[in-house]
There are 2 protein chains.
Amino acid sequence: MRGKVLTPTKRIRRTPFSSKVEDKVKGVTVYNHMILPTIFKDAEEDCRHLKSEVQVWDVSVQRQVEIVGKDAEKLLGILTPRCVKNMNPNKCLYAPMVNQEGGMINDPVVLRIDEDRYWISIADSDVLLWVSGIAAALKLNVKVIEPSVAPLAIQGPKSRILMKRIFGNEMDYFSYFDLRKLRFGKHTLNVARTGWSKQGGFEIYVEGTEYAHDLWEELFSNGKDLNIRPGCPNQIERIESGLLSYGSDMTIKNSPFECGLGRFCEIDANSTCIGFEALENIAKQGPSKVLRYFDIKGERVPFCHDHWPIFNSKKVGEVTSGIFSSEFNTNVGIGIVEFDYAVEGTKLQVLIDNKLRDAFIRERPFNPKLKPFM
Amino acid sequence: MRGKVLTPTKRIRRTPFSSKVEDKVKGVTVYNHMILPTIFKDAEEDCRHLKSEVQVWDVSVQRQVEIVGKDAEKLLGILTPRCVKNMNPNKCLYAPMVNQEGGMINDPVVLRIDEDRYWISIADSDVLLWVSGIAAALKLNVKVIEPSVAPLAIQGPKSRILMKRIFGNEMDYFSYFDLRKLRFGKHTLNVARTGWSKQGGFEIYVEGTEYAHDLWEELFSNGKDLNIRPGCPNQIERIESGLLSYGSDMTIKNSPFECGLGRFCEIDANSTCIGFEALENIAKQGPSKVLRYFDIKGERVPFCHDHWPIFNSKKVGEVTSGIFSSEFNTNVGIGIVEFDYAVEGTKLQVLIDNKLRDAFIRERPFNPKLKPFM
């Protein structure tokens, strides 16, 4: 359904920052029952700006599932095949979660906020229900809640300059996925060097609404000469960079191995997780299909509002995200394809709007590396 | 965020019927990660038509969570405080589901499709994750899946006339919430006398996509002289009728007792459900606040995209849904208010767009009764 207006309802929540951006937003989506902007000027101009300046993204939709209590670490070990024993509180952990069959439930980032307190920073599915259902069934000594946390992502090559003006020179010593507690006035904020772009940046976990607007104003008043703008995850940039979208590029029907996330399945170190046996089997046999990147020829592709089938005489896969990239002057895509056809440079056909187009497999994303800060 | 266009993405799924209606749809929402139309002509005209004619609603978003296997009944008893022992396969069961604290997880309708096979027909939250998490943790002998089922709702006073033309005179003998297996060509369909309006009607659980388009065409070709139209759940009609929307009128923070759903908590007959102790405590003490209907004075209210606080000097509750009704010539609302102020006719104030308005409590919906068929 293209060009349809989203009808307002309380069921789809606004964020603490909605009032700051709504007059500038041209397109939106719904993510974790909440509004997420998708377009400010247009996707291409938003992308160019993100690659050269600094943007503040309201990613409140990245809800936190908090696990707190004596059994918190034990529960976390049941939820993910990653090893979460004695987790480093100064590092975020990308931790795919799977069901009994090894199917992806979500691909969150986990933060250890305190001794027995973790936040699971989630993609688009109700992880709260998955986690609290398991905790209730096993009668674990934990509380599982959705705290009032609204992350802001500061993204782009000038993001470190901006962050230093507010949080000081400590920002120079953040490695990728580092997590620190920083002061903002009388408040302590969790800040990580993360974000859903490869243009560099940070995520600030804004708690409650007390200082949310002050922080927003502080960011924008300090960023004027940096050409700061409100922004949002950009589909062009994230597909070029090979950042996966749960619900599009992977679903509950895919194993982590199929999605190129096999290295996060530390099944030798963590045998407690749900899906352990299924993952062990898949790891032994190897997945029959894998995630790849695509260079899709021909004119600009339309919105990928469904999958695009991939053919080599017979159907051999599906493109799940695709968009035209000015930087690479081609249509860039992400999809899953049978293992035999997954080799770099393999020529296949993709069916888009009833027309077959040539497409070439890439084993790595168009933009494989995190960009350095200015 | 008013008047914003929803950006297409695979993550928000289309339905088997999207192509049938998309050129006629003016507004949409997202429900269970899927597109749901909200407006065809305009909400008032859609409402008038629904109350006098027959509409076909694509409610594919009403996803099914299928539980199948030896422990299916046992699992169902863990999920809901309703008594689900020896469930009648010819009746649908409205079965609120709660967490350990007695907070609402969802308010689905349960169908017994086969001996050890149930469908949970859900409102807007990932019940699949809640149910499969519990099943996995308890190692129950069940499979929990989301089958390929896309319900169509046939709603309005002429719906029975239409259904008789396709399924025969058996349609005369359907009581409210009856569930039957009916023939359509070589296919067997599950059909219930249910639907999210009080204008009368049925829901057809369309399985797969084999006959979906044939059935759609059959309905529309048989309905021409009945002034048939594609439609969707109508906010005016559902608020007049007191039909609750999960996520708006109740959330995980509300108990069934607060939402007027106490009669569905058969805790004397089912002590196996998660949240049993919490519900027993609430039942003993009585809830401190309850769901009520509101007659809100003054000009037409705007979209209720957040809650509207209710005051009696201090804050005593929240309106969660509200809209202007032509039939009742006032603004009709649903909300939750402290018990002491919940008596019929009590005058309170509701804060809408920074202005206080008078509002009067109603203990029953404006349209409390199911309308008879023509």
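Worth a mention:
- Global geometry of the range B:142-286, whether rounded, prolate or oblate, following the gyration tensor of its Cα atoms and the 1.5 cut on a/c: prolate
- Once the gyration tensor of the Cα atoms in the range B:64-145 is diagonalised, the equivalent ellipsoid follows with semi-axes of 17, 15, 11 Å, ordered largest first.
- Loop-located trypsin sites (Lys or Arg not before Pro) in the range A:183-284 whose Cβ has at most 15 other Cβ within 10 Å (DSSP): A:186, A:253
- Restriction of the chymotrypsin sites (Phe, Trp or Tyr not before Pro) in the range B:150-217 to DSSP coil positions whose beta-carbon has at most 13 other beta-carbons within 10 angstrom yields B:176.
- Taking all pairs of distinct alpha-carbon atoms in the range B:289-374, Kirkwood radius in angstrom: 13.0
- Electrostatic dipole magnitude of the range B:230-374 [Cβ: Lys, Arg +1; Asp, Glu -1; Cα centre; debye, to 20]: 300
- The mean sequence distance of close C-alpha pairs (under 8 Å, at least 6 residues apart), as a share of the length of the range B:155-289, puts its relative contact order at 18 percent.
- For A:134-142, mean number of other protein chain Cβ atoms within 10 Å: 5
- Legend: mean number of C-beta atoms from other chains within 10 angstrom of residue C-beta atoms, peptide A:29-39, equals 4.
- Each copy carries a label point for residue A:2 at 7 Å from Cα toward Cβ; from one copy, the others' points are 2.9 nm away, ordered from shortest.
- Restricting the calculation to Cα atoms, chain B shows an Rg/Rh of 0.96 when the hydrodynamic-style radius is the Kirkwood one.
- Selection from A:102, A:121, A:89, by position along the positive dipole direction of the protein assembly as shown (Cβ): A:121
- Each Lys and Arg contributes +1 and each Asp and Glu -1, all at the Cβ; summed about the Cα centre of chain B, the dipole is approximately 340 debye.
- In terms of distances greater than 25 angstrom between alpha carbons, the cross-link table entries A:10/B:284; A:315/A:371; B:91/B:158; A:314/A:355; A:4/B:371; B:91/B:143 yield A:10/B:284; A:315/A:371; A:4/B:371.
- Size descriptors for the range A:69-226 (Cα atoms only): Rg and Dmax, in that order, 16.8, 54 Å.
- Three principal axis extents of the range A:202-262 based on alpha-carbon atoms, in descending order, are 44, 28, 17 Å.
- Ascending distances from the residue B:266 label point to its copies in the other chains, with the point 7 Å along the Cα-to-beta-carbon line: 4.8 nm.
- Distances in nm from residue A:315 to the matching label points in the other copies, shortest first (labels 7 Å along Cα to Cβ): 5.1
- Scaling the Cα radius of gyration of the protein assembly as shown by the globular reference 2.2 N^0.38 Å produces a ratio of 0.95.
- Mean Cβ count within 10 Å, highest first, over the residues of peptides A:313-320, B:243-250, B:347-354: B:243-250, A:313-320, B:347-354
- Nearest-20 debye value, the protein assembly as shown charge dipole, Cβ charges on Lys, Arg, Asp, Glu: 600
- √(5λ) per eigenvalue of the Cα gyration tensor, the range A:157-224, largest first, Å: 18, 14, 12
- Residue-averaged 222 nm ellipticity for the protein assembly as shown, from DSSP H runs of 4+ at -39500 (n - 2.57), nearest 500: -5000 deg cm²/dmol
Read-outs throughout are calculated quantities, based only on the coordinates presented, and are distinct from any laboratory measurement. Bear in mind that the values here come from a model prediction, so they are computed numbers and not experimental data. Because the Cβ atoms are built from the backbone with ideal geometry, glycine has one as well, and the counts that use them run over all protein chains shown.
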